[in-house]
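This report refers to the structure that appears directly beneath it.
The values are calculated or read from the model by the stated rules, or taken from the named source; none is laboratory data. Remember, predicted model here, so these are calculated numbers, not experimental data. We place every Cβ from the backbone using ideal geometry, glycine too, and count neighbours over all the protein chains shown. Areas reflect the complete protein model, heavy atoms only, side chains present, ligands, DNA and RNA absent. Shrake-Rupley method; radii C 1.70, N 1.55, O 1.52, S 1.80 Å.
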Amino acid sequence: MKQTLLQEKYPIYTLEVSKDETRFADASSIIAYLKECIDTHDIASYIGEFDHMAHTQSLANGQIAEGIESAKHILFCFGTKLPDPHVMAVRPRSIGVVDQGDRFTVTFLEAPMPPANEAMERWVKAIVEQPAC
């Protein structure tokens, strides 16, 4: 898993995994696994799923990079406190899953809460490793 800055300002985590290195066959099965992780976490709360590819395809000027076969988000929240109204800007969380035919690219934005990052990192790394959530 790599940590990088997207567009020089967004700290993101990225895992690229070849399909022959994972037990998952498609983006939907990874999303289902992540939902299980969220559902069994003691703080995280599942919100929903978003099919980013279907949305982009429905737009008159929507553009999708060559090689992307599926692109989905799972949305959830780790929020345990509302110390002020500004914290809402960094919530909720999401993990994006892109199927590129021979591999998956899984990404998420760094959260301002270390336990949230630790959980998301563990969940995403387990896409390659055998242990569950």
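The residue of segment 87-104 that is farthest from TYR10 (Cα to Cα), among those that are of a type in the set (Val, Ile, Thr) and surrounded by fewer than 16 Cβ atoms within 10 Å (Cβ to Cβ), is VAL87. Within segment 2-60, the set of residues being closer than 15 Å to THR107 by Cβ, touching a residue at least 60 places away in the same chain (Cβ under 8 Å) and open to solvent by 80 Å² or more (accessible area, probe 1.4 Å) comprises GLN3, TYR10, GLU16.
Step by step: first the residues of segment 61-77, then only those that are small (Gly, Ala, Ser) and under 17 Å from the mean Cα position of the chain (by Cα), then the one that is surrounded by the most Cβ atoms within 10 Å (Cβ to Cβ). Which residue is that?
Residues of segment 61-77 small (Gly, Ala, Ser): 62, 65, 67, 70-71.
Restricting the remaining residues to those that are under 17 Å from the mean Cα position of the chain (by Cα) gives 70-71.
Values: SER70: 19, ALA71: 22.
Per the stated criteria, the residue is ALA71.
Collect the residues in segment 21-31 that are touching a strand residue (DSSP E or B) at 6+ places or on another chain (Cβ under 9 Å) and in a helix (DSSP H, G or I), keeping them in residue-number order. Answer for segment 21-31, where residues must be touching a strand residue (DSSP E or B) at 6+ places or on another chain (Cβ under 9 Å) and in a helix (DSSP H, G or I): GLU21, ALA27, SER28, ILE30, ILE31. It is to be established whether one or more residues within segment 27-39 are within 22 Å of PRO11 (Cα to Cα) and touching a Pro at 6+ places or on another chain (Cβ under 9 Å). No, segment 27-39 has no match at all.
Out of curiosity, is THR80 touching a residue at least 12 places away in the same chain (Cβ under 8 Å), surrounded by 19 or more Cβ atoms within 10 Å (Cβ to Cβ) and either assigned to a loop (DSSP other than H, G, I, E, B) or polar (S, T, N, Q) (or both)? Lay out the reasoning, then the answer.
Working: touching a residue at least 12 places away in the same chain (Cβ under 8 Å): yes; surrounded by 19 or more Cβ atoms within 10 Å (Cβ to Cβ): no; either assigned to a loop (DSSP other than H, G, I, E, B) or polar (S, T, N, Q) (or both): yes.
When the stated conditions are applied, THR80 does not pass them.
For segment 83-117, filtering for residues that are over 17 Å from LEU6 (Cα atoms) and either modelled with pLDDT of 95 or more or part of a strand (DSSP E or B) (or both) leaves 6.
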